[in-house]
Amino acid sequence: MDIDQHQERPGRGRPRNPAIEVRIMDAALLLYGQMGWQGFNLDAVARGASVSKDALYRRWKSRDSLLDAALRQRLNWVVAIDTGNIRDDLLALAARSFDVFAGTYGDVALQLRADARRFKEVRAFAAPYREMMVLQGRQIVRRALDRGDLPTNAKPALIMDLLIGGIINHIVSTPPQLRERMLSNAELFTTTIVDIVLNGINQI
C-alpha cells in the first residue's frame, strides 16, 4: 500500500512544508511507543508535534494511515540475511533483533507485537514489522536444514522462540539503571545466546 494513498494532496499554490512532516512523524512514533494503539490519536500527535490540527488533518485523515506512513518512512527493519553459515546467519539476525528492540524505535516494535494481536486495524499494516524477525529466522533455519548444517529434527519455530524471545525478554526485563551496561554488552549477549541455542540443538 503506497503511503500517498493516505495523504491529502496539498492545495494548489500551497507547497508542502517538509519540516512539519518530520515533526509529525517523530511525534507519532514517540506517542505510539509510549501509549500503544489505545492511546494513539491525531489530536495528541498534533500537540506533540506542535502543529495545528488542520496541518495534520490535511495530510492524514485517520490514525491508522498516519501510523502506517510513519512506519514505512522511518523504520527499516527488514534485511536479507544469508551468509551460507548457520552461526553467522543467526549472529546477524540476533544483532539486528537487538538493535530493533533496544534502539530508537524499540518501544514501537514492542507495541506493534502486542497491538497486532489485539486490534485488527493494527494487524492489517503491522505484519511486515511484527513478523520480520521470525520469518527471516525460519528461512535461515530451513536453509541450514537443506545444507545439512542442523539435525533433521531441528524445529525452526522453536529456535526462533528461544533466540528472539530471549533477546526481547533480556531487553524488557533489564532495569533502567542497568540499560547502559546492557547496551554495551549487546554483542557478548547475542553471541552467547546464539551459541547456547546452537549447542542445545546439537544435543538433541
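The values are calculated or read from the model by the stated rules, or taken from the named source; none is laboratory data. Quick caveat, the model's predicted, so the values are computed rather than measured. So basically every Cβ, Gly included, is an ideal-geometry build from the backbone, and we count neighbours across all protein chains shown. Ligands, DNA and RNA are stripped out before the accessible areas are found, and what is left, the full protein with its side chains, is counted by its heavy atoms. Shrake-Rupley method; radii C 1.70, N 1.55, O 1.52, S 1.80 Å.
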* Out of the stretch 99-120, which residues are under 16 Å from residue 70 (Cα atoms) and open to solvent by 70 Å² or more (accessible area, probe 1.4 Å)? -> 104, 107
* Structure fact -> Exception for residue 28 within (1) farther than 30 Å from residue 145 by Cα; (2) at pLDDT below 90 falls at (2)
* Asked: Do we have any residue at all in the stretch 5-20 that's over 23 Å from residue 127 (Cβ atoms), at pLDDT 90 or above and surrounded by 15 or more Cβ atoms within 10 Å (Cβ to Cβ)?
  -> no
* To do: Could you check how many residues of the stretch 63-79 are open to solvent by 40 Å² or more (accessible area, probe 1.4 Å) and more than 15 Å from the chain's Cα centre (by Cα)?
  => 2
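Considering only the stretch 50-86, state which residues are within 30 Å of residue 188 (Cα to Cα) and either of a type in the set (A, V, I, L, M, F, W, C) or not in a loop (DSSP other than H, G, I, E, B) (or both). Explain how you work it out, then say what you get.
At the first step, the residues of the stretch 50-86 found to be within 30 Å of residue 188 (Cα to Cα) are 71, 74-86.
Selection gives 71, 74, 75, 77, 78, 79, 80, 81, 86.
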* For the stretch 141-159, state whether one or more residues are open to solvent by 50 Å² or more (accessible area, probe 1.4 Å), within 22 Å of the chain's Cα centre (by Cα), under 21 Å from residue 79 (Cβ atoms) and not β-branched (Val, Ile, Thr). => no
* Please verify whether the stretch 171-190 includes one or more residues that are within 20 Å of residue 88 (Cβ to Cβ) and of a type in the set (Val, Ile, Thr). => yes
* For the stretch 103-114, does any single residue satisfy the condition of being modelled with pLDDT of 90 or more and farther than 13 Å from residue 29 by Cβ? -> no
* Structure fact -> Apart from one, (1) surrounded by fewer than 19 Cβ atoms within 10 Å (Cβ to Cβ); (2) part of a loop (DSSP other than H, G, I, E, B) all hold for residue 38; the odd one out is (2)
* To do: Count, please, the residues in the stretch 47-61 that happen to be within 19 Å of residue 33 (Cβ to Cβ) and surrounded by fewer than 18 Cβ atoms within 10 Å (Cβ to Cβ).
  => 3
* Structure fact -> If we keep only residues of the stretch 87-96 that are open to solvent by 20 Å² or more (accessible area, probe 1.4 Å) and in contact with a helix residue (DSSP H, G or I) (Cβ under 8 Å, 6 or more places away or on another chain), then the residue modelled with the lowest pLDDT is 96
* Structure fact -> Taking the stretch 180-195 and keeping residues touching a residue at least 24 places away in the same chain (Cβ under 8 Å) and loosely packed, with under 13 Cβ neighbours inside 10 Å leaves 187
